[in-house]
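Peer 1: I have a structure I would like to understand better, so I am pasting it below and will then ask my questions one at a time.
Each reported figure results from applying straightforward, stated rules to the coordinates on display, with no laboratory input. Everything numeric here is computed off the predicted structure, so don't read it as measured data. Note: ideal-geometry Cβ built from the backbone for every residue, glycine included; neighbour counts use all protein chains shown.
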């Protein structure tokens, strides 16, 4: 005959152990959540002291907070008697599947972390990277936003940026302008150099240190090639380059210095053929 449990037996065998386990599990969850929040706050202070980007700090804290809460929940369920081994296995398998499905996104994430930590460029820099060029407007975890010179917005995955060559035109305070001028062989080289030097001296954006370079680079087929290399502030590079080209051209015209077009000399030779003999 089966044993009949009284209310007291039922409480002693089931309700009391479950109640105790539930209280312990609730305590583990509350204390664990408090500890997790403390660890996240400590991590934020350490990352902020390391002068990392705010976007990266928020992202790391979000991941850390989620992982810690997951550990706390698993610990609380284990205290309730739930078999967490299969749960951990399911979570691991799901994480692996998500990782394989999002491997491109993870690559962009890793590249975004590298860009934020090592800072090859900052917002406001003019760079050439990832197959495009423009002013960096925003650097996010997975992608970066560029504004081109014609005011287009281009969003480039960070993986494409970090896997390619990065040219930062704004990284240095000064830049060199490389100009090439051609003069005719009949023109006076010394006079042309003095004209260019005067144009550079009259341009306030050209820096005196380092001094500009003016020299003969090549004796081409139809012209003498002069290289002109002044230094300017990075922000003045493009405008100064355009203005110097115009001013040198006008100065050459005023002083009779020619800028020859590509040309080729052709010599014609006339051959006098002997007269044909009349055959009787």
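Peer 1: Could you estimate the translational diffusion coefficient of segment 174-254 from the Stokes-Einstein equation, with Rh from the Kirkwood formula over C-alpha pairs, at 4 °C and 1.567 mPa s, in whole µm²/s?
Peer 2: 101 µm²/s
Peer 1: Give the Cα extents of segment 119-168 along the principal axes, in whole Å, largest first.
Peer 2: So the extents along the principal axes, rounded to whole Å, are 26, 19, 18.
Peer 1: Right, next: Where does each of 154-161, 72-79 land if you order them by average Cβ count within 10 Å, highest first?
Peer 2: The most tightly packed comes first, giving 154-161, 72-79.
Peer 1: Going by how many other beta carbons lie within 10 Å of each one, how would you line up 231, 34, fewest first?
Peer 2: Ascending number of Cβ neighbours within 10 Å: 34, 231.
Peer 1: Let me ask another. Determine, from the Cβ-Cβ distance of residue 208 and residue 169 and an R0 of 22 Å, the FRET efficiency 1/(1 + (r/R0)^6), rounded to the nearest 0.05.
Peer 2: 0.45
Peer 1: Moving to a separate point now. Please tell me the relative contact order of segment 174-254 in percent, rounded to the nearest whole number, where contacts are Cα pairs under 8 Å and at least six residues apart.
Peer 2: This gives 43 percent for segment 174-254.
Peer 1: Taking 0.36 nm per residue of separation and subtracting the Cα-Cα distance, what length does fully extending residue 220 through residue 64 add?
Peer 2: Full extension of this stretch gives 49.6 nm more.
Peer 1: Can you sort 197, 246 by how many other beta carbons sit within 10 Å, fewest first?
Peer 2: Final ranking by Cβ density, sparse to dense: 246, 197.
Peer 1: Most exposed first by the Cβ proxy, i.e. fewest other Cβ within 10 Å, how do 105, 62 rank?
Peer 2: Fewest-to-most ranking of 105, 62: 62, 105.
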